[in-house]
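Q: Can you keep this structure in mind? I'll have questions shortly.
The values are calculated or read from the model by the stated rules, or taken from the named source; none is laboratory data. Quick caveat, the model's predicted, so the values are computed rather than measured. Glycine also receives a Cβ, built like all others from the backbone with ideal geometry; neighbour counts cover every protein chain displayed.
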């Protein structure tokens with residue numbers, strides 16, 4: 001009897017361990033930041049966890065940092081990390097060192113003056129199920145200003161936690177998402 005009980009406990013533990021592992025693999029993915037496109041907020045070599053479940057519950061919001069398959073950038077075997085700036089139905093433009101959403105300047109407290117865009121991007125409407133994404137290091141980023149809108153189908157998930165190196169440890173929820181000037185209000189989606 002004791003042997004049968006011990007074998008059963010061992011099997012239950014093994015099944016539970018495998019189930020937990022599978023749930024974690026489905027819900028989370030690790031990602032290594034490569035390059036300088038997200039400076040000053042993310043740095044080359046930084047590791048983050050990506051929440052793959054969040055966008056099953058709701059669409060991306062402005063200000064979210066997302067990881068996606070870089071198919072539209074012509075690199076389908078790579079994943080990129082960028083910030084959601086333009087949402088479906090909005091008109092996005094870049095001029096005068098700033099991003100404009102529906103003709104209102106986007107206040108972006110997460111980037112400083114040295115990382116503001118110096119390039120123009122003509123006004124374009126973001127189609128349904130697509131997003132306009134930019135790196136925080138605006139002038140050193142391969143993003144929507146070069147290859148167009150990002151289709152929702154290529155989004156892997158939302159950056160959730162930076163865990164390596166330890167000095168960069170932080171949770172991404174709660175970061176400023178930016179808002180429009182001229183009293184339009186907070187941009188939460």
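Q: Limited to the range 53-82, what total is found for residues that are touching a helix residue (DSSP H, G or I) at 6+ places or on another chain (Cβ under 6 Å) and over 18 Å from residue 132 (Cβ atoms)?
A: Looking only at that region, the number is 1.
Q: Can you confirm whether residue 98 is more than 18 Å from residue 154 (Cβ to Cβ), surrounded by 14 or more Cβ atoms within 10 Å (Cβ to Cβ), in contact with a strand residue (DSSP E or B) (Cβ under 6 Å, 6 or more places away or on another chain) and free of Cβ contacts under 8 Å to residues at least 40 places away in the same chain?
A: Taking the combined requirement at face value, the residue satisfies it.
Q: Looking at (1) touching a strand residue (DSSP E or B) at 6+ places or on another chain (Cβ under 6 Å); (2) crowded, with 16+ Cβ neighbours inside 10 Å, which is the only condition residue 73 fails?
A: For residue 73, the exception is condition (1).
Q: Turning to a different aspect of this structure: Going through 107, 44, 51, 103 one at a time, which residue ends up being free of Cβ contacts under 8 Å to residues at least 24 places away in the same chain and surrounded by 11 or more Cβ atoms within 10 Å (Cβ to Cβ)? Walk me through it before giving the result.
A: On the way: 107 fails: free of Cβ contacts under 8 Å to residues at least 24 places away in the same chain; 51 fails: free of Cβ contacts under 8 Å to residues at least 24 places away in the same chain; 103 fails: surrounded by 11 or more Cβ atoms within 10 Å (Cβ to Cβ).
The match here is 44.
Q: A follow-up question, please. Looking for whichever is farther than 28 Å from residue 163 by Cα and surrounded by fewer than 21 Cβ atoms within 10 Å (Cβ to Cβ) here; the options are 28, 11. Which one fits?
A: Values: 28 fails: farther than 28 Å from residue 163 by Cα.
Going through 28, 11 in turn, the sole match is 11.
Q: Next question. Could you list all residues from the range 104-136 that are at pLDDT 95 or above, assigned to a loop (DSSP other than H, G, I, E, B) and over 16 Å from residue 66 (Cβ atoms)?
A: The answer is 127, 128.
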